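A.B. asks: Structure in structure tokens, see below.
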Amino acid sequence: MSYARPKFRHPNLPKNELGYSLDYYEGSISTLCAGCGHDSISAAIVQACYEMNVEPHKVAKMSGIGCSSKTPAYFLSNSHGFNSVHGRMPSVATGGNMANKDLLYFGVSGDGDTASIGMGQFVHVIRRNLNMVYIVMNNGCYGLTKGQDSATADEGSKNKAGNVNEFQPIDLASLALELGATFVAQSFSGDKTQLVPLIKAAMKHKGFAFINVISPCVTFNNNVGSTKSYDFVREHSEATSTMDFVPHKTEITANYDEGTSKTVVMHDGTLLQLHKLEQEWDPQNKLSAMNAIYKSRSKGEILTGLIYINEESKDIHTIMNTTDTPLNKLTQNVLCPGEEKLKEINKGLR
Ligand SMILES: Cc1ncc(C[n+]2csc(CCOP(=O)(O)OP(=O)(O)O)c2C)c(N)n1
Ligand code: SF4
């Protein structure tokens with residue numbers, strides 16, 4: 001069941017460059033549990049799309065199954081959406097993207113959806129560098145099916161029933177890095193200041209942009225002993241840097257000291273300004289990104305922020321040399337060379 005929002009809005013609400021106010025980017029009223037981290041992530045997506053002047057009809061929201069995968073109903077109600085099968089979102093997104101590369105693909109998944117049933121799909125969508133934003137709303141449990149431990153639950157972490165997880169977790173950020181993801185970030189649902197610029201940068205990245213967001217499940221995994229609870233994450237996260245996202249057309253006025261900040265120029269000229277907390281941090285160095293993740297993990301901390309970016313990234317369409325015109329817009333006379341041409345081709349094969 002979905003609930004409609006009241007239509008009335010104050011006429012003087014601020015508008016973006018397209019003339020839309022923030023509510024134009026919202027979805028139905030959420031039916032998730034009050035306080036669920038996933039709702040904060042939906043709000044961050046709404047904010048990022050509003051501030052980036054995204055045309056909602058040029059967005060495709062893709063998801064699998066889970067509380068997390070329900071969230072596309074709660075943001076961008078004026079966009080396209082496909083709520084697919086558990087763990088199968090990447091292949092549906094790949095199909096959509098191959099047919100129409102002109103849309104902005106937002107994939108939303110859960111740690112169960114991605115790290116268990118969907119793992120095979122996840123690794124291949126990274127390998128292919130599909131041009132999409134892929135957000136995992138990671139709560140370390142299967143929220144929708146009543147809180148069983150997922151494959152990202154930390155070893156020694158306690159669930160609500162008091163059971164301790166004995167298995168090693170799958171670290172999605174380092175796995176994504178290892179598989180060649182060209183944009184890897186990590187954040188916390190309760191940190192909108194960090195999450196919104198990360199989503200904006202991910203939208204601008206040409207290739208697979210992965211954001212692993214720790215998103216506490218207030219109903220089944222917010223207890224003492226859980227490493228995905230609000231308290232634990234607030235006390236144990238360490239940021240790589242703080243960042244500003246500067247759109248292409250905006251004059252750069254921010255001052256920053258050389259040696260403590262780094263500017264990453266994205267393929268369309270937009271800028272990411274990283275204000276480093278760690279002197280040696282270089283988000284374009286994969287080895288240092290790997291090291292930083294391992295270092296944080298060994299201290300029992302969660303590394304947040306932009307962990308890695310490769311601006312030389314070649315997305316699947318560049319690799320496959322597809323036509324500039326999206327495949328779904330090619331007409332029959334372009335696709336079919338005609339009888340005479342076919343005869344000629346066939347002759348050459350005899
Ligand atoms: C093929 C299939 N297997 C199992 C299920 C049952 N199921 C529904 S959601 C879910 C896990 C959800 O966990 P997660 O992806 O972490 O999302 P969350 O609900 O925690 O946001 C499972 C196992 C299903 N719907 N389909
Ligand atoms: S069960 Fe957990 S993940 Fe699902 S809506 Fe409730 S708080 Fe969120």
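The values are calculated or read from the model by the stated rules, or taken from the named source; none is laboratory data. Just so you know, these numbers come straight off a predicted model, no measurement behind them. Please note: Cβ atoms are built from the backbone with ideal geometry, for glycine as well, and neighbour counts cover all protein chains shown. Please note that ligands, DNA and RNA were not included when accessible areas were found on the heavy atoms of the full protein model with its side chains. Shrake-Rupley method; radii C 1.70, N 1.55, O 1.52, S 1.80 Å.
A.B. asks: What angle, in degrees between 0 and 90 and rounded to the nearest 10, separates the Cα long axis of helix 37-51 from the longest principal axis of the Cα atoms of the chain?
C.D. replies: 50 degrees
A.B. asks: Could you name the aspartates and glutamates in cross-link range of LYS192, using Cα to Cα under 14 Å and dropping any fewer than eight places away on the same chain?
C.D. replies: Within the straight-line cut-off, LYS192 pairs with ASP39, GLU51, ASP244.
A.B. asks: Could you state how much accessible area MET243 has, in square angstrom rounded to the nearest 10, with a 1.4 Å probe and all protein chains kept in place?
C.D. replies: 20 Å²
A.B. asks: Rg and Dmax of the range 176-225, using alpha carbons, in Å: what are they?
C.D. replies: 13.2, 40
A.B. asks: Okay, moving on. Using +1 at the C-beta of Lys and Arg and -1 at the C-beta of Asp and Glu, which of LEU271, ALA239, SER42 has the Cα lying farthest in the positive direction of the dipole of the chain?
C.D. replies: About the Cα centre, the residue reaching furthest to the positive side is SER42.
A.B. asks: Helix 192-204 versus the longest principal axis of the chain: what is the Cα-based angle in degrees, 0 to 90, to the nearest 10?
C.D. replies: The answer is roughly 20 degrees.
A.B. asks: For the chain, find the longest principal axis of its Cα atoms and tell me its angle to the long axis of helix 286-298, 0 to 90°, nearest 10.
C.D. replies: 30 degrees
A.B. asks: May I have the convex hull volume per residue, in Å³, for the Cα set of the range 76-212?
C.D. replies: Numbers: hull volume 16.2 nm³, N = 137.
Considering the Cα atoms of the range 76-212, their hull volume per residue is 118 Å³.
A.B. asks: Give me the accessible area per residue for the chain, probe 1.4 Å, as a whole number in Å².
C.D. replies: Values: 17060 Å² over 350 residues.
Result: 49 Å² of accessible area for each residue.
A.B. asks: What are the equivalent ellipsoid semi-axes of the range 130-211, built from the alpha-carbon gyration tensor (square roots of five times its eigenvalues), in whole angstrom, biggest first? Can you show the working numbers first?
C.D. replies: Numbers: eigenvalues 149, 44, 21 Å².
Equivalent ellipsoid of the range 130-211: 27, 15, 10 Å, largest first.
A.B. asks: Of all alpha-carbon pairs in the range 1-62, indicate the percentage at a distance above 15 angstrom.
C.D. replies: Details: 1082 of 1891 pairs.
Of all Cα-Cα pairs in the range 1-62, 57 percent lie more than 15 Å apart.
A.B. asks: Starting from 0.36 nm per residue, how many nanometres of slack lie between GLU238 and GLU17 once their C-alpha separation is accounted for?
C.D. replies: Working: separation 221, 0.36 × 221 = 79.56 nm, distance 3.49 nm.
Length difference between fully extended and current span is 76.1 nm.
A.B. asks: Ignoring ligands, DNA and RNA, what percent of the accessible area of the chain is carbon or sulfur (1.4 Å)? Walk me through the numbers before you get to the answer.
C.D. replies: On the way: 9010 of 17060 Å².
Whole-percent figure for carbon plus sulfur exposure: 53.
A.B. asks: Per DSSP H run of at least 4 residues, take -39500 (n - 2.57); add these up for the chain, divide by its residues and hand me the 222 nm value, nearest 500 deg cm²/dmol. Spell out each step's value before the answer.
C.D. replies: Details: 12 runs with 104 residues, N = 350.
Rounded to the nearest 500, it is -8500 deg cm²/dmol.
A.B. asks: Taking 7 Å along the Cα-to-C-beta vector as the label spot, tell me the VAL264-LEU287 distance in nanometres, rounded to one decimal.
C.D. replies: Simple spin-label model gives 1.9 nm for this pair.
A.B. asks: List the lysines whose Cα lies under 24 Å from the Cα of LYS286, skipping any in the same chain that are fewer than 8 positions away.
C.D. replies: Cα-Cα hits under 24 Å: LYS200, LYS204, LYS206, LYS262, LYS276, LYS295, LYS299, LYS314.
A.B. asks: For the range 17-102, take N as its residue count and report Rg(C-alpha) divided by 2.2 N^0.38 Å. Intermediate results must be reported in sequence, preceding the final value.
C.D. replies: Details: Rg = 13.2 Å, N = 86, 2.2 N^0.38 = 12.0 Å.
Against the empirical 2.2 N^0.38 Å value, I get 1.10 for the range 17-102.
A.B. asks: A further question follows. Using only the C-alpha atoms of the chain, find the volume of their convex hull and express it per residue in Å³.
C.D. replies: Numbers: hull volume 61.8 nm³, N = 350.
It comes to 176 Å³ per residue, whole-number rounded.
A.B. asks: Which lysines, on any chain, are close to LYS146 with Cα under 26 Å apart, when same-chain ones fewer than 8 places away are left out?
C.D. replies: Qualifying lysines at Cα under 26 Å: LYS61, LYS70, LYS158, LYS160, LYS228.
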